[in-house]
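J.: Sharing a structure here in structure tokens format.
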Amino acid sequence: MTSQPDRKALTRAAFAAAAVLTVVTVAGAAPGAGAAPASPAGTPKLKLIAASKAVTLDRWEGEPGVYLDLGTYVTVDGAPLELNVTRKSYKDPVVARQILRNGTHTTTRTLPAGLVKDFSGLPGFLEVSVKNAAGQEVTRSKGTFCPNNASGRLRPDAPATSHYPESCSTNPFTLGSVWGVEKGWAANSSTVDYDKPVDLPVGEYTATVSVAKKYRDLFGIPNDHPTVKVTVRQTDDGTTGGSTSGGGTAGQRSASPSDPHAQHAQHSTAAGHTGHHFGPRGADAPTPGALPHALEARGLAHHLGDGLGHTDGSRVAPALRADGRRPTGRAGVPANVPKPDLRSLPAWDIAVTDGEDGDVPGKDYLAFSANVWNAGPAPLVVDGFRTPGADLMDAYQYFYDAHGKQVGYAPTGTMEWDPRIGHEHWHFTDFASYRLLSADRTRQVRSGKEAFCLANTDAIDYTVRNANWHPYNTDLSTACGQQNSISVREVLDVGSGDTYTQYRPGQSFDISDLPNGTYYIEVKANPAHRLQETDLKNNVSLRKVVLGGTPGARTVQVPPYDLVNAP
């Protein structure tokens, strides 16, 4: 398939590319990068600045507005800004704690209860007022600040790289996050919601930006009000454009594990592949805004990551290469070697679709998103090796000691080439399975089992031991191989999870002939127990759904999961 992104996706791509080229200097880190270094004494000093006095924003023909990429930053000096954001369980609220480091001494202060409600950032942090040339206010908004936004150094003696993660998680079932800005760095504070463009006609404007008083008081931020001249221009060419500024665009990073501002990525009609539609009853894509944009086109490897002519703003990851040859000698794993711990999250982004592109038109399908993550303390590393001409690869799980030395391996099934449009990569066949269960959870009424290309799409809990804050393979452009590959390495790092959106043909449940009533979506990790892990008792999750409606117009209601209201 040669599917192309629409103008909104191009805008985002240009936005993210500019952020990477002009702002982001973050380098990759080795596994276990979660350990924070000691830093000088003192409390971080925060300040709001504007990188440029003027920006130009493009209004695409046919689009409802523009995206307010104003290039404002929060600078940090004196000491790093670091926050640990966690919840004990889905029955407990989110708690945010600031970590203050004084050499080897560390203290913690808890932010006010209820201030932080999820893992996407500090809500209501940035206040923006936009006035037209006549001095009339035309829009006012508040935005969430993710400290892990696109960031850059303020001066040459600042740390050369940032060890903090590169995005804030929007997965509804995230358990723990780390937010941070290095001393001598600045993080982009512009909050751009790609699903809610601002309706500004072509013309000249002045934007005034400030930090909300509650955050000024909390972090001792000066009451500054940077102003930015904004020029909105009409853009008719759907192949170029993007916001620009006098000092280079400073954009929100589109980090692939979990972008804090999700976009509904659509596909324009491609040769030989027409009839796409989207939304609650469209099988091609999730509900708009429900997922990070890097996940919404989960199988389109040629449109994910950084490459010639396109980018999603993620780092160019080093290639993940399998060992040069399949393992020899007797398979075995020392008893005390660290192993991964695979855990499934409850399903979310649940909707009824009517099927297309391979599903039977007119039928009702129950689509959903599912994630299996690795709680560690070791990464899941699976290599596939192909006998020349074979359609399957033999898969092996590898094990490493605390120093990163390989100390064992075990056969663990196979990998298969998936030629379907939207896939076209090697799938590991024994990673997870899905079932739709009856109301009493005793009967399986529908099943679906997908082979998987593993990628670290979501940061689920970066507070667990050995969590890697900079996983390499964060999208399908950095893993899973090509049709002519002789070997493939697929990795699920500690703290990260792999989300699959079950909106593609053959993945969702056909519910056309099911009676209305209560059911449960079961997500099961490592269903055949072929993968070795530390605990097999936490591999299953259930999500309650209630089916209603009539054939051809089925409905689904999804009750909250404890405190998580994410249908």
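The values are calculated or read from the model by the stated rules, or taken from the named source; none is laboratory data. Given the structure is predicted, the values throughout are model-derived calculations rather than measurements. Counting neighbours? That spans all protein chains shown, and the Cβs are built from the backbone with ideal geometry, glycine included. Heads up: the accessible areas ignore ligands, DNA and RNA and are worked out on the full protein's heavy atoms, side chains in. Shrake-Rupley method; radii C 1.70, N 1.55, O 1.52, S 1.80 Å.
J.: Specify which of the listed residues (ARG326, ARG298, ARG330) is at pLDDT below 80 and assigned to a loop (DSSP other than H, G, I, E, B).
T.: Answer to the check: ARG298.
J.: Moving on to the next point. Name the single residue that is surrounded by the fewest Cβ atoms within 10 Å (Cβ to Cβ) among those in the stretch 78-122 being among the aliphatic types (A, V, I, L, M) and outside any strand (DSSP E or B).
T.: ALA113
J.: For ASN516, work out the one condition from (1) at negative phi; (2) touching a residue at least 60 places away in the same chain (Cβ under 8 Å) it doesn't fulfil.
T.: Here ASN516 clears every test but (2).
J.: Tally time: how many residues in the stretch 553-567 are part of a strand (DSSP E or B) and either open to solvent by 40 Å² or more (accessible area, probe 1.4 Å) or touching a strand residue (DSSP E or B) at 6+ places or on another chain (Cβ under 6 Å) (or both)? If you could, list the steps in order and put the result at the bottom.
T.: Of all residues in the stretch 553-567, those part of a strand (DSSP E or B) come to 553-557, 561, 564.
Of the ones still in play, those that are also either open to solvent by 40 Å² or more (accessible area, probe 1.4 Å) or touching a strand residue (DSSP E or B) at 6+ places or on another chain (Cβ under 6 Å) (or both) are 553-557, 561.
Looking only at that region, the number is 6.
J.: Then there is this: May I ask you to verify whether VAL181 is aliphatic (A, V, I, L, M) and either open to solvent by 10 Å² or more (accessible area, probe 1.4 Å) or in contact with a His (Cβ under 8 Å, 6 or more places away or on another chain) (or both)?
T.: When the stated conditions are applied, VAL181 does not pass them.
J.: Could you check how many residues of the stretch 480-522 are at pLDDT below 90, within 17 Å of the chain's Cα centre (by Cα) and more than 20 Å from ARG543 (Cα to Cα)?
T.: 1
J.: Further question: I need a count of the residues in the stretch 537-552 that are open to solvent by 50 Å² or more (accessible area, probe 1.4 Å) and either in contact (Cβ under 8 Å) with a residue 12 or more places away in the chain or within 15 Å of ALA367 (Cβ to Cβ) (or both).
T.: Qualifying residue count, the stretch 537-552: 3.
J.: Something else about it: Consider only pairs whose beta carbons are under 7 Å apart and that are at least six residues apart or on different chains; among these, list those whose first residue lies in the stretch 397-411 and is hydroxyl-bearing (Ser, Thr, Tyr) and whose second residue is assigned to a strand (DSSP E or B) and open to solvent by 20 Å² or more (accessible area, probe 1.4 Å).
T.: TYR398/GLN406; TYR398/TYR409; TYR400/GLN406; TYR400/VAL407; TYR409/TYR396
J.: Let me ask another. In this structure, does ALA134 turn out to be free of Cβ contacts under 8 Å to residues at least 24 places away in the same chain and either of a type in the set (A, V, I, L, M) or open to solvent by 20 Å² or more (accessible area, probe 1.4 Å) (or both)?
T.: Criteria met by ALA134.
J.: How many residues are over 29 Å from the mean Cα position of the chain (by Cα) and either under 12 Å from VAL74 (Cα atoms) or open to solvent by 40 Å² or more (accessible area, probe 1.4 Å) (or both) if we restrict to the stretch 196-215?
T.: Counting residues in the stretch 196-215 that are over 29 Å from the mean Cα position of the chain (by Cα) and either under 12 Å from VAL74 (Cα atoms) or open to solvent by 40 Å² or more (accessible area, probe 1.4 Å) (or both) gives 6.
J.: Would you check which residues across the stretch 403-418 are under 28 Å from the mean Cα position of the chain (by Cα) and not in a strand (DSSP E or B) and list them?
T.: Listed by number, the list holds a single entry, GLY404.
J.: For the subset of the stretch 520-531 comprising residues that are in contact with a strand residue (DSSP E or B) (Cβ under 6 Å, 6 or more places away or on another chain) and in a loop (DSSP other than H, G, I, E, B), which member is most open to solvent (accessible area, probe 1.4 Å)?
T.: ARG530
J.: Another question, then. I'm checking my understanding of the structure. Among residues of the stretch 359-380 that are part of a loop (DSSP other than H, G, I, E, B) and under 16 Å from LEU436 (Cβ atoms), which one is most open to solvent (accessible area, probe 1.4 Å)? Lay out the reasoning, then the answer.
T.: Restricting attention to the stretch 359-380, the residues satisfying the condition of being part of a loop (DSSP other than H, G, I, E, B) are 360-364, 375-379.
Restricting the remaining residues to those that are under 16 Å from LEU436 (Cβ atoms) gives 363-364.
Details: LYS363: 70, ASP364: 2 Å².
Ranking the qualifying residues of the stretch 359-380, first place goes to LYS363.
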